[in-house]
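**Q** Sharing a structure with you now.
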Amino acid sequence: MQNLGKGLNSLIPAKSASGRDESFPRISQPLRARKESVFDIEVGRISSNPFQPREDIDQRELVGLSESIKEHGILQPLIVTKSVKDLSRGQEAQYTLIAGHRRLAAAKMAGLKLVPAIIRDSTEQQKLELALVENIQRTDLNAIDRARAYKRLHDEFDLTHDEIGRKIGKSREVVTNTTRLLNLPLEVQKAIQGGRITEGHGRMLAGIKSEQTQKALFLEIIKNNLNVRQIEQRVREVSISAHRRKVFMDPEIKKIASDLTNYFGRKIQISRRAVGGRVIIEFSDKDDLERMIKRIIK
């Protein structure tokens, strides 16, 4: 958490404003551990963050949060940016949500007219970064939504996976492996989003090149309730089997096996590994084995 807060402080300069002053402990306000002005803003004036990485909200969780807000209010302010819209008579302030997606939705459900919010200046990139970090720090963001957010940071703002990792307190490998989940078939991605399989399952499946094989193993996971270690073993078995089929279809290897089969009068199997390989000669009994050995050493 310390690295995350430090990175955000370097991204977003301190901003002084008028309003009521509240202090939040580091744990309950991980995006900034300092006093900031909090304003009561009309719910109808706040539009959603176009860079919000979270696509789905658990409705049961939302209802629970709404009931809590009815009883206790919003304990932690939303974070918004402010813009001014010109009207025929004067101007009107509008706000865009940066952080607090669930709280705003729950506040609307609870019928609140006003919500507490901190106003910050922010670029589009910072809006995405803040929304992403807020979700990672407070509530588990499913792996597919995380992957899409990482991809947007990469595609739209030209950030490398290493730079993304530093901003959110993750390693480059974590960012890369999570992003690879977007190469999975859509039905597998939806299963990860819905919690039917884990991110670990998804990473195992993402290591397979064949989409058909990915789908087949996905169905095995669902049908047999396989854990990550079990599916890792199945992926290994599938990879070995695919390698053997490739070797078998290699014209040169196939011809050598055929020549040896004709020479010994017995079926010969050749399997090749990354380095070297092995030749398997079938025999019916001890006498048959001795005859083949004599042919080999003569």
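**Q** Take residue 99 and decide whether it is under 13 Å from residue 119 (Cα atoms) and surrounded by 11 or more Cβ atoms within 10 Å (Cβ to Cβ).
**A** Yes.
**Q** Between residues in region 170-187 that are under 11 Å from residue 211 (Cβ atoms) and residues that are surrounded by fewer than 14 Cβ atoms within 10 Å (Cβ to Cβ) and of a type outside the set (Ser, Thr, Tyr), which pairs lie under 6 Å by C-beta distance while being six or more apart or on different chains?
**A** 185/211
**Q** Looking only at helices (runs of 4 or more DSSP H) that fall completely inside region 197-292, which ones have 1 or more residues that are at pLDDT below 90?
**A** Those helices (runs of 4 or more DSSP H) span 211-224, 228-249, 251-264.
**Q** Taking helices (runs of 4 or more DSSP H) that do not extend beyond region 81-174, which have at least 1 residues that are at pLDDT 85 or above and under 19 Å from residue 48 (Cβ atoms)?
**A** It comes to 101-110, 143-157.
**Q** Are any of the residues in region 194-215 more than 15 Å from residue 235 (Cβ to Cβ), buried (at least 21 other Cβ atoms within 10 Å of the Cβ) and in contact (Cβ under 8 Å) with a residue 40 or more places away in the chain?
**A** No; the residues of region 194-215 include none that is more than 15 Å from residue 235 (Cβ to Cβ), buried (at least 21 other Cβ atoms within 10 Å of the Cβ) and in contact (Cβ under 8 Å) with a residue 40 or more places away in the chain.
The values are calculated or read from the model by the stated rules, or taken from the named source; none is laboratory data. On a predicted model such as this, the values are computed, not experimentally measured, just so you know. A quick note on method: Cβ atoms are made from the backbone with ideal geometry, for glycine too, and the neighbour counts reach across all protein chains shown.
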